[in-house]
Structures are given as structure tokens and as C-alpha cells.
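This report refers to the structure that appears directly beneath it.
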């Protein structure tokens, strides 16, 4: 089983709709990262969450970390076609975190936004 | 301005023919990583350098090697590519590793014929 489970695996929304992507960990999280990837390209850093209860926003994207639930959510408000892509959560899954920041990634959520 | 640069963006090689992928960074970061991402899968860490110290993940095949001649450059060498090595190879950097953001390059897509 995956150490980081993302849900849903894919999501199709109409432009203007809100959506949420979840990332659930099988272990205690020591930092949780959200990245976006366009097909065939590299990963673009979105946000990093380090503390339980932390919430960060950038433009129309908000991410939260629930340490107790070992879960993070990524919420997009009023989605646009430019939000389309693959969203990946990543975390250092070693107890206490590794010295070099080894990231394990979830399997990704494919987001399609129809105009 | 590009901070993590990978060349080439696409690489075609023949089965068993050695290939080298290149990564350079303008961030002056201490740590450089190589990830392998197969189709529809999550990126998987192959190894990393902290400065000049090389660290292999336990399950990285011996077929994969890396070199870091200076702070800015890091190379991934695949000695004898097999069909199963076809993938996107992603280079990333972070300032110091522990709980630091990793910045990724655009990736090199490797095709093995």
C-alpha cells in the first residue's frame, strides 16, 4: 500500500467550481509539500506545510495540514483551465525526517478543468 | 529565469548504449537529487549529493551512477539502459535538505529503443 494516498485519483470540474484534493499519510508527517506537474514536465513547487493546523494560500490555492489526522488538503477556489495538471503531495516519511529531505510522493491527482 | 536546468529535454538511446543526463543549477544549493518517474507513477528518489557526498538509495540499481564535479552540475549516467529504464528523469535541488523545499528541473524524458 502507498505511504501517501491521494484522493481522488482524477477530477474533472467545470471552470469556476471549487475543488479539494486530499493527501493521507500512513505515518506521522514531518513536513508536507504540494507540487503541480504538467504532463511531460517537471514539478512546480506550490506550498510547504510544517506544523499541524498550518494553512497557506497562494492566489486561489489553499493548503492545510491536519497533523492528528496525518492528512493534508489542497483546495482550489473558482478553478480555471490554467489549474489543470497533476497535483502531487510529497513528504519525508522517515521517523523524524531524514537529514537530506528524502521525499516520498503520492500517486498524484489528475485535474481537468473544462472551460 | 531558470534555476534548475536539465539537458537534453528528450533523449533517445539504444538498448545497452550508455547515456548521460545533465543537470545544472543557479541556486548554489548544497543538495542535488535525481528522481526517476515512470509513466503515470510518482517520482522515486534514486540518489542525492550533499555537497560532494554521494548517497545511493538502497533499491537503486547499480546500472545508475552519478557524478557531481562542482556545486552547479550533476550528471546521471545509465551504464547499460534497458527498456525498463525508459522514464522521465527529474533533477531537484534544496539548500540544505532537512525540511527544505526541493526545486525541480523540467526533466529529461528518456526513450530506450
Of the residues in region A:1-43, those that are farther than 18 Å from residue B:43 by Cβ, outside any loop (DSSP other than H, G, I, E, B) and under 14 Å from the mean Cα position of the chain (by Cα) come to A:7, A:10, A:11, A:19, A:20, A:22, A:24
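Listed here are the residues, each with its yes/no results for (1) away from chain A (no Cβ under 14 Å); (2) over 10 Å from the mean Cα position of the chain (by Cα); (3) closer than 18 Å to residue B:62 by Cα.
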position: B:75; (1), (2), (3): yes, no, yes
position: B:78; (1), (2), (3): yes, yes, yes
position: B:81; (1), (2), (3): yes, yes, yes
position: B:95; (1), (2), (3): no, yes, no
position: B:99; (1), (2), (3): no, yes, no
position: B:102; (1), (2), (3): no, yes, no
Which listed residue, of B:43, B:61, is under 27 Å from residue A:89 (Cα atoms) and either away from chain A (no Cβ under 11 Å) or without any contact (Cβ under 8 Å) to a residue 24 or more places away in the chain (or both) = B:61
For region B:1-102, which fully contained strands (runs of 3 or more DSSP E) count at least 1 residues that are more than 21 Å from residue A:101 (Cβ to Cβ)?
-> B:4-7, B:10-13, B:19-25, B:64-67, B:73-78, B:87-94
Could you tell me whether residue A:79 is under 26 Å from residue B:29 (Cα atoms) and surrounded by 13 or more Cβ atoms within 10 Å (Cβ to Cβ)?
-> no
Looking only at region B:25-35, which residues are surrounded by 20 or more Cβ atoms within 10 Å (Cβ to Cβ) and more than 10 Å from chain A (Cβ to nearest Cβ)?
-> B:25, B:29, B:32, B:34
Residue that is in contact with a strand residue (DSSP E or B) (Cβ under 7 Å, 6 or more places away or on another chain) and closer than 19 Å to residue A:40 by Cβ, where the choices are B:110, B:45, B:83 | B:110
Per-region count, region A:82-106, residues at pLDDT 95 or above, surrounded by fewer than 21 Cβ atoms within 10 Å (Cβ to Cβ) and either within 14 Å of chain B (Cβ to nearest Cβ) or assigned to a loop (DSSP other than H, G, I, E, B) (or both) = 3
Could you list, in sequence order, all residues of region A:44-75 that are more than 14 Å from chain B (Cβ to nearest Cβ), without any contact (Cβ under 8 Å) to a residue 12 or more places away in the chain and part of a loop (DSSP other than H, G, I, E, B)?
-> A:59
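The values are calculated or read from the model by the stated rules, or taken from the named source; none is laboratory data. Because the structure is a prediction, the values reported are computed rather than measured. Note: ideal-geometry Cβ built from the backbone for every residue, glycine included; neighbour counts use all protein chains shown.
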